[in-house]
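For reference, the structure discussed in these notes is given below.
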Amino acid sequence: MATLNLTLKIWRQDGPHKAGRIETYDAHGIPDDASFLEMLDIVNERIIEQGGEPVHFDHDCREGICGACSLTINGIPHGPEGAVTTCQLHMRKFNDGDTIWVEPFRAKAFPVLRDLVVDRTAFDRIIQAGGFISVRTGSAQDANNLPIAKDDADASFSAAACIGCGACVAACKNASAMLFVSAKAAHLNLLPQGQPEKTRRVLGMVQQMDAEGFGNCTNQYECEAVCPKEISAGFISKLNRDYALAAAKETLT
Amino acid sequence: MSESLRNDGRVWAPKSKETAAKLRRGELKPADIAEEDRDYYLERKYPSFGNLAPRDISSRSAKEACDEGRGVASTGLGVYLDFRDSIKRLGESTIRARYGNLFQMYEKISGANPYQTPMMIYPAVHYTMGGLWVDYNLMSNLPGLHVLGEANFSDHGANRLGASALMQGLADGYFVIPATLPVYLSTVSPGSITTSHPEFAAAKANAEGRLKTLFNIQGKRTVDSFHRQLGLLVWDKCGMARNEKGLQEALREIPAIRAEFWENVRVPGNGENLNMELEKAGRVADFLEFGELMCQDALNREESCGGHFREEHQYTDADPEVASGYISAGEAKRHDDKFSHVSAWEYNGEGKPATLHSESLEFTDVKPSVRSYK
Ligand code: FES
C-alpha cells in the first residue's frame, strides 16, 4: 500500500455569521486506499492531538447512498472523478505531492454552518411542499394491483436515484436547484401513485424552490456533469412541461 | 456490500493455506486458481442452500475459512465473491442491470473491477439484534413514546435477514402504528405542561452538566481513539463467535475504558457553535454503556441462537442429530428449554447492573425445531 504526502487548503469558518478563511494543512502519510473522508479523519485526529479544532464536514453512510457528504474539491462538487460522491472518492485518484483545495458547497440557499458543513434544509422544505404521495395505510394492497410498465418503472427509478446531496446546486453558476426538483417530481409524476397530486406537487415544489432563493436554470448542464447519480438533465425539460400544464390547469380552475 | 449479491455470486476460498498466502502477497491472481483448488465452502457445507445460506451461517463460515489461514486480501480477512460463472451464464449486461450500482460501489472502494476479478468480502458489523423494548402496540416503557422500525426489538428475532430493516419499517409504519397510535391518542387529553416541573429542571441540569463535564476533561485522547478501542474489543470478544472467558474479559475491560474516557478524553471547542466532536463523544459515551450490556446479555444467554454463537454451545459428534447426518458438528445449538425468551434489560443508571426481565416466547401453531441448511 502506497502513501501520499499532500497539502490541503481548507475553508475554515467558525459559524454562520463569521468570516471564513483558507487554512493550510500538511497531510502526510495518507494511505492511498483511504477515502477522501477517511483522509480528513486522519487529518482531524492529528489536529485534535495538537490541541486544535477539527475540520467539520458532513458524512453519514460513507458508501454513496445517503447524500450527506458534500465538499467542493479542487473547484468541483464531489471532486474530479465524476459519478461519485465525496465519500466514494479515494486517495488513489490523487498524486503524491498534490495540493488539494477543499471548500463547502456554495449557494445562497445553502448557508455555511461551520467549515465545510452547509445547511441544506431548503431541500427538505421543497420535499415538504409536494415531494410525497398520500396513501391509505393500515391494510395491505393486493399484489400486482397497480401494474407499472417496465419502461416507466425504470424511468422513475433513474429519477429516484437522486440522493439530494446538492452538488447540482453547488456546480451551477445560478445556484439553480432544477435538477434536484425535477428528479424528485419526476420520480412520482412518472408513476400511477403520483397522479392524483401531480398538479399540486409541481406547483408547490417549484414555488418553494423559488422562495428558498435558488436561481433559474439557463441550461448550462453543470448539474448533470457533477451529479454522483448521473441524473439526466432531461428531467428538467419534463418538469418545465409539467409545470406549464399545472399552471394552465390552475388558471382554468 | 449488499447481501443480495449472493443471489448470483459464488463464495469461495482457496483450498490450501499455501495458495492463500500467495494470493495475499499478490504472487497469484484469483483467476490463476484452478477449479479443483477452490473451496466453494457454502455450496460444499450447505448444498441445498448454497450461497444463499443465512447471514449468521455465511458470516461464520467466512470467519472460519480466514481463521484457518485461508483468507485472501492483504489482511488475510477476505474470501472471494465470484461472478465469473453467472456472467458466463447470463451475460454481463444482465449482471449489470441487477447489481450495477453495487459493482460500481465496490470498484470505487477497492480499485478493482468486479466484472473481471472476484470481489473480496468479509463480514462486518451492520445491524445489531435487539433494540428498545416496546409493547404490542409499539409503545416503549415511557408512556406515549412509541418506537418504530429497527430502533425497536420486536420483529427480527435472533438473526437479521436481508432487508429486515425495510420489512420492519414497512410493517410498523404501514400496518401497526396506524392502528395503535390513534388508540393511545384517544386516551390522553393534552393538559397544560410547562417547563417548570422539577423533573424538567433536573433533566436539563443533568444534560448541561454532562456537556460541561465532557468539555472540562481536556484529556489527551481523541474520541475516535476510544471508539476504536471499544469497537475492536467488542468485535473480538462479542462478535461472530463468543465464549465465556472472552465475555468476562470484555466485562472487565469495558469499565476500565469507560473510566479512562471520563478522565482522559479531549473534546475541543466550547459548546457555543456546531460541534461534531461533542456529538461523537456523547455517542461513544453511550456505546461504552451499551457495549457492556451487550456482553452481559451474551454471557447470560447460555445457548447459541442466530447471530449469537456461543462457542460452548454447538453440535458435536456426540449429538444424535449429527450422528444421523441431519446437521454437522459445529453448528449452533439452541436450548429452548431454558432460553425461549426475549431478554429485556432495565437500565438502572450508569455503572449499575441492569435488571433482566424475560419475556417468554410462546409458540402455539408451530414448534421451534432445529433447522438444517445442508
Ligand atoms: S456519506 Fe452518504 S453519500 Fe457520502
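Of note:
- For B:Asp319 and B:Ser48, the difference between the fully extended length at 0.36 nm per residue and the C-alpha to C-alpha distance is 95.4 nm.
- Spin-label model distance (nm) - A:Ala140 vs A:Ala225, 7 Å beyond Cα toward Cβ: 4.9
- Our coupling estimate for segment B:45-56, obtained by passing each phi through the Karplus curve with A = 6.51, B = -1.76, C = 1.60 and θ = phi - 60°, is 7, 10, x, 7, 9, x, 6, 9, 4, x, 3, 5 Hz, Gly and Pro reported as x.
- Inter-chain Cβ neighbour average for residues B:266-279, partner chain, 10 Å: 4
- Histogram of C-alpha separations across chain B, 20 Å bin width, %: 21, 51, 25, 2
- Backbone N within segment B:93-109 under 18 Å of label point (7 Å from A:Asp151 Cα along the Cβ vector): none
- Computed over protein heavy atoms with a 1.4 Å probe, the accessible surface of chain A works out to 47 Å² per residue.
- Computed [θ] at 222 nm, deg cm²/dmol, chain A (DSSP H ≥ 4; -39,500 (n - 2.57); rounded to nearest 500): -10500 deg cm²/dmol
- Two-decimal ratio, segment B:302-374, of alpha-carbon radius of gyration to 2.2 N^0.38 Å: 1.39
- More than 26 Å apart - percent of Cα-Cα pairs taken over segment B:2-121: 15
- Long-range amide H partners of A:Cys69 with built H, under 5 Å: A:Asp60
- For B:Leu132, residues with placed amide H under 5 Å, excluding near neighbours: B:Asn152, B:Phe153
- With N counted as the residues of segment B:195-360, its alpha-carbon radius of gyration over 2.2 N^0.38 Å works out to 1.34.
- Global geometry of segment A:3-114, whether rounded, prolate or oblate, following the gyration tensor of its Cα atoms and the 1.5 cut on a/c: oblate
- Across q = 0.27 Å⁻¹, segment B:128-186 modelled as identical point scatterers on its alpha-carbon atoms has Debye log10 I(q)/I(0) values of -1.13, in the order of the q list.
- Segment B:257-374, dipole about Cα centre (Lys/Arg Cβ +1, Asp/Glu Cβ -1), debye to the nearest 20: 220
- Gyration tensor verdict on chain A (Cα atoms; rounded if a/c is under 1.5, prolate if a/b is larger than b/c, oblate otherwise): prolate
- Over the protein assembly as shown, the ratio between the Cα radius of gyration and 2.2 N^0.38 Å evaluates to 1.06.
- Inter-label distance, nm, simple model (7 Å from Cα along the C-beta direction), A:Asn5/B:Asp32: 3.4
- Charge sum, other residues only, whose C-beta stays under 13 Å from B:Arg266's C-beta, Lys/Arg counted +1 and Asp/Glu -1: -3
- Computed over segment A:3-114, relative contact order equals 34 percent, with contacts defined as Cα pairs under 8 Å that lie 6+ residues apart.
- Other residues lying with their Cβ under 11 Å from the Cβ of B:Pro54 contribute a combined charge of +3, Lys and Arg counting +1, Asp and Glu -1.
- Distance between segment A:156-186 and segment A:95-155 - C-alpha centres, whole angstrom: 8
- Coordinate range of the alpha-carbon atoms in segment A:184-253 per principal axis, descending: 39, 27, 18 Å.
- Among the listed pairs B:Lys22/B:Lys280; B:Lys17/B:Lys88; B:Lys88/B:Lys333; B:Lys88/B:Lys374, those beyond 31 Å (Cα-Cα): B:Lys22/B:Lys280; B:Lys88/B:Lys333
- Accessible-area loss of 20 Å² or more (1.4 Å probe, protein heavy atoms, chain alone versus all protein chains) is found in segment B:170-213 for B:Tyr174, B:Phe175, B:Pro178.
- Relative contact order [Cα under 8 Å, 6+ residues apart], chain B, whole percent: 12
- Order by protection proxy (mean Cβ within 10 Å, highest first), peptides B:199-207, B:312-320, B:94-102: B:94-102, B:312-320, B:199-207
- Two-site FRET efficiency, B:Gln248 against B:Lys352, from Cβ-Cβ distance with R₀ of 22 Å, rounded to 0.05: 0.70
- Rg over Rh, two decimals, segment A:121-252 (C-alpha only, Kirkwood Rh): 0.98
- Ordering of A:75-88, B:182-195, A:142-155 by packing [mean C-beta count within 10 Å, highest first]: A:75-88, A:142-155, B:182-195
- Relative to the longest principal axis of the Cα atoms of chain A, helix A:198-211 runs at roughly 40 degrees.
- Mean partner shielding of peptide A:54-67, defined as the number of other chain Cβ atoms within 10 Å of each residue Cβ, is 2.
- Of all DSSP beta bridges confined to chain B, the antiparallel ones make up roughly 85%.
- Antiparallel DSSP beta bridges within the protein assembly as shown, percent to nearest 5: 80
- Put a dot 7 Å past the Cα of A:Asn174, heading toward its Cβ, do the same for B:Ala171, and the two dots end up 4.9 nm apart.
- For segment A:34-49, the residues whose backbone nitrogen is under 11 Å from a point 7 Å from the Cα of B:Ser74, taken along Cα to Cβ, are A:34.
- Ellipsoid semi-axes in whole angstrom, largest first, where each is sqrt(5λ) of the Cα gyration tensor of segment A:1-45: 25, 11, 7
- Cross-link partners for A:Lys249 among the aspartates and glutamates, with Cα-Cα distance under 15 Å and sequence neighbours closer than 8 places in the same chain left out: A:Glu197.
- A simple count of charges around A:Met91, restricted to other residues whose Cβ falls under 13 Å of its Cβ and scoring Lys, Arg +1 and Asp, Glu -1, yields -4.
- Relative contact order of segment A:118-191, taken over Cα pairs closer than 8 Å and 6 or more residues apart, is 40 percent.
- In Hz, Karplus ³J(HN,Hα) per residue of segment A:164-180 (6.51, -1.76, 1.60; θ = phi - 60°; x = Gly, Pro): x, 6, x, 4, 4, 5, 5, 7, 7, 5, 9, 6, 7, 9, 4, 5, 4
- ³J(HN,Hα) computed for each position of segment B:193-200 - Karplus, 6.51 cos²θ - 1.76 cosθ + 1.60, integer Hz, glycine/proline x: 10, 10, 8, 7, 4, x, 4, 5
- A Förster radius of 41 Å combined with the Cβ-Cβ distance from A:Arg21 to B:Asn264 puts the calculated FRET efficiency at roughly 0.80.
The values are calculated or read from the model by the stated rules, or taken from the named source; none is laboratory data. Everything numeric here is computed off the predicted structure, so don't read it as measured data. We place every Cβ from the backbone using ideal geometry, glycine too, and count neighbours over all the protein chains shown. In case anyone asks, the SASA skips ligands and DNA or RNA and just uses the protein heavy atoms, side chains included. Shrake-Rupley method; radii C 1.70, N 1.55, O 1.52, S 1.80 Å.
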